[in-house]
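The values are calculated or read from the model by the stated rules, or taken from the named source; none is laboratory data. All figures in this text were calculated on a predicted structure; none of them were measured in a lab. FYI the Cβ positions are ideal-geometry reconstructions off the backbone, even for glycines, and counts take in every protein chain you see.
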Amino acid sequence: MPLDPSPSGPIPAGPSRRAFLGGAAAATAALGLSPGGAAASKPRVPGLVSVSDEAEYDRLVKLCYNENPYGPSESVLRALEHATRYANRYLCPDSGVLQAIAAHHGVAPENVLLGAGSTEVLGIAARAFLAEGQQIIGSTPTFELVYQFATGVQAAAHRLPLLGDYRQDVKAIAAAARRPDAGFVYVCNPNNPTGLIVTRDEVAELVDAAASDTPLVIDEAYCDFADSDAYRSALPYVRSGEPVVVVRTFSKAYGMAGVRLGYAVAPPELIERMSRHAGDMSVSVLARWAGAAAIADQQARQRVCEETIRLRREVTGELRGLGYESLDSQASFFMVDLKRPVKPVIDAFRTEGVLVGRPFPPMLNHLRVSIGAPAEMQRFLDAFKKILPAA
Ligand SMILES: Cc1ncc(COP(=O)(O)O)c(C=O)c1O
């Protein structure tokens, strides 16, 4: 059965999106892509035959990096174009993006720190909150790049396995947060790669275990796609001054992964500690203007989220009909249990022109699939039926 187009009509793909796919070193590192230099001859997208074959890139169905298939909204594209008039400047009007983010979340500008994507913000957190010999406390699998930042500052990662049902082991994380060598706690909510949430009661447990010298860093990259009643952002804890850092990105719901903009919201003393490790110049003028326009256009964000949630339900429902259960994702991707090793299946999808998520040990029978546009999800389902027998 073909996937229905959105009841409110298809969301237009941003025509200028490809122009911004250059990204920054931090982003390419985050995604396991080659950062340039000596490695520049390697394909930037694993599975892509040629580095420069744009036509091939465009032909592939890209369900591998949890990108937003629709790209920036029209108003963001206009802002990007407008901002090019300042492309030759260091200091220039930046459309007040930091103030706009603060106002959007009901906090003061002193509560916000910008970065070139949330990847950079997480790196700043690692430099600010980890001393030599300390540990990041968190789950595995999760957005593990954060643990690589620990290595960069001679610290380590204390990785706690997920529970049997793939949820994060909040009790073990809270206990580990009280270790004397804990630097900070990292919790991705909803978690990447599972899409599962830490419930609001569990977040409260984690906040209880946090301290000003062991802050709780909550990565809410996918929060806009959560529709469960049990989910709550940790922002209220920031507003009440708890040692909590909420990390957000414009890469997902706002469709700006190639533009590179993310931010932290935290009590001023934590922002102050982080800003000592942040550069002033990493966020481009284009990203600043685009970010302010994105914040001003909440309707566009909402349309993307509603469509993504609708497709998440529809596609996982169809897979269930074929005999394959998915985890209860609250994110812009889902994980389906293939009941067989995932690696050959990933390769088979590549042969069908569909890029899907990499393996996430130890969940080696699960496939992570980003939620693309309706036609892309139809191509995914067609390939799935071809590759996997009905179970
Ligand atoms: C959980 C999570 N956090 C952070 C990031 C990094 O996003 P960005 O650097 O584009 O803001 C990603 C990217 O996929 C992610 O999945």
With the condition being modelled with pLDDT of 95 or more, I'd like the helices (runs of 4 or more DSSP H) fully within the range 23-115 carrying at least 3 qualifying residues.
74-83, 97-105
Would you check if there is a residue in the range 252-268 being under 16 Å from Asp208 (Cα atoms) and within 14 Å of the ligand (Cβ to nearest atom)?
no
Do any helices (runs of 4 or more DSSP H) lying entirely in the range 275-372 carry at least 1 residues that are among the β-branched types (Val, Ile, Thr), free of Cβ contacts under 8 Å to residues at least 60 places away in the same chain and outside the structural domain of His82 (by TED's automatic domain parsing), and which ones are they?
298-321, 342-351
Checklist (1) hydrophobic (A, V, I, L, M, F, W, C); (2) over 30 Å from Gln148 (Cβ atoms); (3) not assigned by TED's automatic domain parsing to the domain that holds Tyr222 applied to Val61, failing item
(2)
If only one of Val187, Val217, Val203 is among the β-branched types (Val, Ile, Thr), assigned to a helix (DSSP H, G or I) and touching a Leu at 6+ places or on another chain (Cβ under 9 Å), which one is it?
Val203
Note: among Ser95, Ser75, just one is among the polar types (S, T, N, Q) and either under 30 Å from Arg273 (Cα atoms) or without any contact (Cβ under 8 Å) to a residue 40 or more places away in the chain (or both), namely Ser95
Can you pull out the residues in the range 283-320 that are in contact with a Phe, Trp or Tyr (Cβ under 7 Å, 6 or more places away or on another chain) and within 29 Å of Ala103 (Cα to Cα)?
Val285, Gly291, Ala294, Arg301, Val304, Cys305, Thr308, Ile309
Any chance the range 220-233 includes a residue that's more than 23 Å from Glu306 (Cβ to Cβ) and not in a loop (DSSP other than H, G, I, E, B)?
no
